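**Student:** My structure is below; once you've seen it, I'll send some questions.
Rule-based calculations on the coordinates, nothing more; no lab input. Bear in mind the structure is a predicted one, so any value in this text is a computation, not a measurement. Counting neighbours? That spans all protein chains shown, and the Cβs are built from the backbone with ideal geometry, glycine included.
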Amino acid sequence: MTKSQRLFEVYRTGLVILISLLIAMVIILLVSEEPGEAMKLFLIGPLDSLRHIGNVLEMMVPLLFTGLAVSVMFSASQFNLGAEGAFFFGAIGAAFIAVNWNLPPVIHPTVAILWGGLIGSIFCGIPGLLKVKWGSSELVSSLMFNYIAYFFGLYLINYFLRDVNAGAMVSHRFVETSKLIKIIPKTRVHFGILIAAVMVVITAIFLFRTRWGYRIRVIGTNIRFARYSGINTDRAIILSQVIGGFIAGMGGSIELLGMYRRFEWQYLPGYGWTGVIVAILARNNPVYVPVAAFFLAYMRIGADIMSRSTDMPNEFVAIIQGIIIILIAATSFLSKQRHKMVVKEAMS
Amino acid sequence: MTDEPDAILRMENITKIYPNGIMANKGVNFSIAAGEIHGLVGENGAGKTTLMQILFGLNHPEEGKILLEGKEITIANPNAAIAHGIGMVHQHFMLVPSLSVAENLVLGVEPRKGVSLDLPEAIRTTEALSKKFNLKVDPRSAIRDLPVGTKQKVEILKALHRGARILILDEPTAVLTPQETDELFDELKLLKDQGNTIIFISHKLNEIKALCDRVTVMRAGKSQGVFAVADVTEQDISRLMVGRDVILRVEKSVAKPKKPVLKVQDLMVVNRFRKKAVDDISFTVRQGEILGIAGVEGNGQRELVEALTGLGLYASGDISIGGKDIKKLSIRGIRDLGTSHIPEDRMTYGCAADLSIEMNLLSYTHDHPEYNKNYFLMDINAINEVSNKLVEEYRILCSSPQQEVRRLSGGNIQKVVVAREFSSNPKLIISDQPTRGIDVGATEFIRKRLVTLRDEGCAVLLVSADLNEVMELSDSLIVMYGGKITAYIEDASSISEEALGLYMLGLESQGPEEIRRVCHD
């Protein structure tokens with residue numbers, strides 16, 4: 001891509017976000033009794049206190065992990081949607097270690113996170129394996145696997161970790177040593193955000209500076225060329241899914257150990273789906289994932305704050321996300337302007 | 001350009017820019033007179049096809065206008081073109097293989113009986129047209145059973161049936177044998193005598209001389225002018241096309257073949273239709289020789305190449321490279337024996353168009369120690385250095401090695417492929433259509449390189465549908481027809497095009513003893 005075309009993509013993405021926000025404003029105007037207040041809270045609420053800024057950063061952490069995970073899997077042109085299940089299942093794996101083991105402080109969460117990552121990588125690896133062995137669509141199998149993760153996970157919690165004295169279906173309390181420390185006072189922002197930052201760098205280096213990442217990108221752009229060049233495409237496909245799953249599983253574990261005292265999710269938390277949006281906004285480039293994750297986290301927290309003190313429900317974020325995806329995926333959106341730019345460049 | 005009173009069609013100041021930024025036409029003027037055969041020549045990538053696609057409504061220009069009989073018209077799509085009496089016969093035929101000739105001919109304008117196709121009427125129409133224009137086809141036979149030359153006749157009839165008075169033929173002879181070409185020319189002259197106008201796109205100058213009345217020469221998206229064919233020589237045209245004098249003769253010394261590198265023994269490949277695509281063939285390619293495979297496309301060459309490179313399977317027989325049997329080897333394993341492969345279709349197999357030139361040059365060697373700093377990280381500096389060197393050595397025209405391959409011209413993309421494949425110290429080069437669809441400069445360059453590598457002791461297998469190329473470049477030749485070898489010509493310069501054509505059409509075949517001679521020990 002030339003510089004001007006890259007700029008054009010930034011402009012296009014910015015315009016998409018602007019349009020979706022404008023539509024959000026229109027919805028607020030139509031639905032709310034107090035549109036001025038609702039808009040204000042939605043747009044600047046996340047910035048009005050340290051606690052709210054903290055909320056945005058907390059929300060970013062899981063999105064960074066799932067965004068990175070999906071970026072790696074999509075880079076190989078494998079549309080594995082298993083990040084959701086890997087996130088959930090990785091957290092369950094971590095919960096077992098956090099509840100049952102006794103380890104020194106730093107080591108305890110490290111072991112739990114790595115264990116959660118391992119479970120996540122097996123979970124996302126299976127659709128990859130089914131794809132290369134029998135050609136089954138990773139899209140379909142990973143979607144189905146998410147349900148397996150959900151119900152099997154709840155079964156494990158219910159039968160092996162459940163605290164019968166608690167009022168709901170939740171696990172026993174985690175051992176204190178397993179938790180991730182808070183790093184910003186008066187907020188719940190935890191050490192996980194630093195791990196996420198390191199993972200952004202590692203993932204970027206992996207994709208752009210190692211031979212494994214190179215193979216994944218070649219497969220993602222032209223798998224027949226990869227095969228012709230002698231690249232073992234099966235192995236690279238599975239590798240990309242395993243690594244994506246590992247990052248998602250890590251993310252689930254970190255979210256759990258940083259934000260909770262017990263395992264208490266009753267539903268799939270949805271971060272895997274949002275991770276897909278993050279990856280789409282970031283064009284599968286780990287370097288842009290933080291920007292996309294920040295934007296989505298900001299929007300969600302804004303909607304949360306708004307719904308708490310006005311009559312607007314926070315689910316309307318889903319509408320904005322939907323519009324963003326449709327416009328970005330629509331390749332012909334602004335294609336005329338793009339062509340004009342190309343023409344201008346070629347003429348000069 | 002002077003105004004011609006009898007111009008039936010004029011295109012004025014046509015400019016077309018593709019989404020990837022390539023300017024295919026720059027202010028092109030083009031005009032044809034009624035009832036002439038007008039040649040349109042230029043190198044591949046000169047913009048001939050783009051100009052004709054604009055005329056046929058497949059592409060839309062940024063600037064310029066089209067005038068038909070003096071009236072300005074817009075051609076939004078092929079239907080509009082056909083309505084204006086403009087028909088096009090594409091390089092790749094647009095026919096339904098499972099349907100009959102008559103059904104293909106009337107497709108879209110079917111005669112009906114109630115709700116169903118009136119097949120007898122379609123057959124009558126086909127027979128009438130076939131007779132009127134003297135293009136002999138059997139209305140009842142299925143397209144897939146027909147030879148290429150006949151399919152082309154169906155395409156021409158199809159265009160005429162839709163009322164075309166101006167017929168565009170896009171490199172119609174590229175797929176034909178010399179005999180079929182002669183036949184086509186007779187038919188086209190007849191069409192002309194009946195008052196039709198024909199635009200004949202080609203880059204073969206002898207054909208232009210033999211067939212056309214006038215010729216428009218294009219180079220790098222611009223028109224170089226219109227000439228009466230009788231007034232110019234082939235040399236004149238070629239100088240206008242390329243911008244300098246070209247010697248398309250390959251300069252090479254007599255080959256000194258040594259030990260065999262590639263040995264193929266009783267090879268059989270069965271395709272997905274369970275047909276024997278390669279039928280029990282044996283040959284060897286030795287160090288320091290270029291063995292050419294001539295043949296009309298679709299006679300087993302693709303399946304053979306796929307078997308040799310590991311991209312496809314083979315049913316029985318033995319293939320050995322450098323003395324090693326490749327049956328159990330992966331594609332990587334075959335490459336590690338010193339095999340390089342220039343694929344027939346560079347966009348499908350030869351490159352990842354969305355990645356940079358640099359990344360494309362590395363696809364085989366990316367895990368070699370010289371490009372990796374340690375176990376984990378690749379050595380970006382080493383990669384930069386080598387790609388800069390290759391870009392320079394192979395004269396790849398680009399802004400930098402970081403440029404996406406998609407944004408290069410066809411010839412430069414092919415140079416990227418060739419640079420990669422030639423730079424890995426190959427012992428055997430399987431070169432499938434190495435110069436298809438690229439400009440003369442790049443063609444010359446690649447051919448010279450192949451000869452140099454031969455002289456350095458490489459074994460080269462050359463598959464090409466371009467008769468000129470296969471005859472000029474090869475030291476020895478085999479001809480494939482219907483999956484079998486029909487002839488082995490030890491000295492490629494000793495045979496004429498016509499004699500080769502007979503083997504290619506399967507009309508003649510050497511005896512098994514003569515063919516056996518291609519196997520060396």
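**Student:** Output wanted: per-residue J couplings in Hz (rounded whole) for region A:299-312, from phi through Karplus 6.51 cos²θ - 1.76 cosθ + 1.60, θ = phi - 60°, x for Gly and Pro.
**Tutor:** 5, 5, 5, x, 5, 4, 4, 4, 6, 5, 10, 10, 8, 8
**Student:** Which whole-Hz couplings ³J(HN,Hα) result when phi for each residue of region A:231-242 is put into the Karplus expression 6.51 cos²θ - 1.76 cosθ + 1.60, θ = phi - 60°, listed in order with x for Gly and Pro?
**Tutor:** Coupling constants for region A:231-242: 7, 6, 5, 4, 5, 5, 4, 4, 4, 4, 6, 5 Hz.
**Student:** Let's see if you can work this out: charge +1 on each Lys and Arg Cβ, -1 on each Asp and Glu Cβ, no other charges. What is the dipole magnitude of the protein assembly as shown about its Cα centre, in debye to the nearest 20?
**Tutor:** Dipole magnitude for the protein assembly as shown comes out near 2400 debye.
**Student:** Give me B:38, A:339 ranked fewest to most by other Cβ atoms within 10 Å of their Cβ, as a rough exposure proxy.
**Tutor:** A:339, B:38
**Student:** Quote the charge dipole size of chain A about the Cα centre in Debye, to the nearest 20; the model charges only the Cβ of Lys and Arg (+1) and of Asp and Glu (-1).
**Tutor:** 1320
**Student:** Okay, next question. Based on Cα positions only, what radius of gyration and what Dmax would you give for the protein assembly as shown, in angstroms?
**Tutor:** 32.7, 103
**Student:** Once the Cα gyration tensor of region B:393-521 is found, what semi-axes does its equivalent ellipsoid get, as square roots of 5 times the eigenvalues, in whole Å, sorted largest first?
**Tutor:** For region B:393-521, the semi-axes come out at 32, 16, 12 Å.
**Student:** Which ordering of B:495, A:126, A:23 is given by a fewest-first count of other beta-carbon atoms within 10 Å?
**Tutor:** With the sparsest Cβ surroundings first, the list reads A:23, B:495, A:126.
**Student:** What dipole magnitude, in Debye to the nearest 20, does region B:320-464 give about its Cα centre under +1 on Lys/Arg Cβ and -1 on Asp/Glu Cβ?
**Tutor:** 320
**Student:** Over chain B, what is the relative contact order in whole percent, taking alpha-carbon pairs under 8 Å and six or more residues apart?
**Tutor:** Computed value for chain B: 15 percent relative contact order.
**Student:** Related question: How much space per residue, in cubic angstrom, does the convex hull of the C-alpha atoms of chain B take up?
**Tutor:** That works out to 169 Å³ per residue.
**Student:** May I ask which residue of A:7, A:101, A:114 lies farthest towards the positive end of the charge dipole of region A:1-129, with charges of +1 (Lys, Arg) and -1 (Asp, Glu) on Cβ and the Cα centre as origin?
**Tutor:** A:7
**Student:** Further, regarding this structure: Give me A:340, B:222, B:328 sorted ascending by neighbouring Cβ count inside 10 Å, so fewest comes first.
**Tutor:** Ordered by Cβ neighbours within 10 Å, fewest first: B:328, A:340, B:222.
**Student:** Can you find, among B:265, B:238, B:33, the residue farthest towards the positive end of the dipole of the protein assembly as shown? Put +1 on the C-beta of Lys and Arg, -1 on that of Asp and Glu.
**Tutor:** Among B:265, B:238, B:33, the one farthest towards the positive end of the dipole of the protein assembly as shown is B:265.
**Student:** Shifting gears a bit: Diagonalise the Cα gyration tensor of region A:58-311 and give the resulting equivalent ellipsoid semi-axes, square root of 5 times each eigenvalue, largest first, whole Å.
**Tutor:** After diagonalising the Cα gyration tensor, the semi-axes are 30, 21, 17 Å.
**Student:** Then there is this: Cα extents of region B:7-242 along the three principal axes, largest first, in whole Å?
**Tutor:** Its Cα atoms span 52, 37, 33 Å along the three principal axes.
**Student:** OK, next. Listed highest first by mean packing, meaning other Cβ atoms within 10 Å per residue, what order do B:415-422, A:107-114, B:450-457, B:229-236 come in?
**Tutor:** B:415-422, A:107-114, B:450-457, B:229-236
**Student:** Answer with one residue from B:290, B:141, B:22: the one whose Cα lies farthest towards the positive end of the charge dipole of the protein assembly as shown, charges on Cβ with Lys, Arg +1 and Asp, Glu -1.
**Tutor:** B:22
**Student:** Counting DSSP beta bridges with both partners in the protein assembly as shown, what percentage is antiparallel, nearest 5?
**Tutor:** Within the protein assembly as shown, antiparallel bridges account for around 55 percent of the total.
**Student:** Taking 8 Å as the Cα distance limit and 6 or more residues as the minimum spacing, I'd like the relative contact order of region B:260-516 as a percentage.
**Tutor:** It rounds to 27 percent for region B:260-516.
**Student:** With a/c under 1.5 counting as rounded, go ahead and sort region B:132-268 into rounded, prolate or oblate using the C-alpha gyration tensor (a ≥ b ≥ c being the square roots of the eigenvalues; past the cut-off, prolate if a/b is larger than b/c, else oblate).
**Tutor:** Because a/c hits 1.5 or more and a/b fails to exceed b/c, region B:132-268 counts as oblate.
**Student:** Using the Cα gyration tensor of region A:227-302, with a ≥ b ≥ c the square roots of its eigenvalues, what is the shape: rounded (a/c below 1.5), prolate (a/b larger than b/c) or oblate (neither)?
**Tutor:** Cα axes put region A:227-302 in the oblate bin.
**Student:** Follow-up. Hey, what number do you get for the protein assembly as shown at 222 nm if only DSSP H runs of n ≥ 4 count, each worth -39500 (n - 2.57), divided across all residues, to the nearest 500?
**Tutor:** Theoretical 222 nm ellipticity from helices: -15000 deg cm²/dmol.
**Student:** Ok, one more. Arrange the peptides A:149-156, B:271-278 so that the one whose residues have, on average, the most other Cβ atoms within 10 Å appears first.
**Tutor:** So the peptides A:149-156, B:271-278, ranked by packing, come out A:149-156, B:271-278.
**Student:** Report the antiparallel proportion of the DSSP beta bridges in region B:7-242 as a percent, rounded to a multiple of 5.
**Tutor:** Here the antiparallel bridges make up roughly 55 percent for region B:7-242.
**Student:** Going by average Cβ neighbours within 10 Å, how do the peptides B:297-304, B:313-320 rank, with the highest at the top?
**Tutor:** Taking the mean over residues of other Cβ atoms within 10 Å, the ranking is B:297-304, B:313-320.
**Student:** Grab the other residues whose beta carbon is less than 15 angstrom from that of residue B:375, score K and R as +1, D and E as -1, and report the net.
**Tutor:** Residues close to residue B:375 contribute a combined charge of 0.
**Student:** How many Cβ atoms of partner chains, on average, are near each residue of A:217-224 if near means within 10 Å of its Cβ?
**Tutor:** 6
**Student:** Step through the residues of region B:436-445 one at a time and calculate ³J(HN,Hα) from phi using the Karplus curve (6.51 cos²θ - 1.76 cosθ + 1.60, θ = phi - 60°), rounding each to whole Hz and writing x for Gly and Pro.
**Tutor:** Computed from phi, the couplings for region B:436-445 are 5, x, 10, 6, 4, x, 5, 4, 4, 4 Hz.
**Student:** Enter the mean number of other protein chain beta carbons within 10 Å of the beta carbon of each residue in B:304-311, as an integer.
**Tutor:** Going residue by residue through B:304-311 and averaging, the value is 1.
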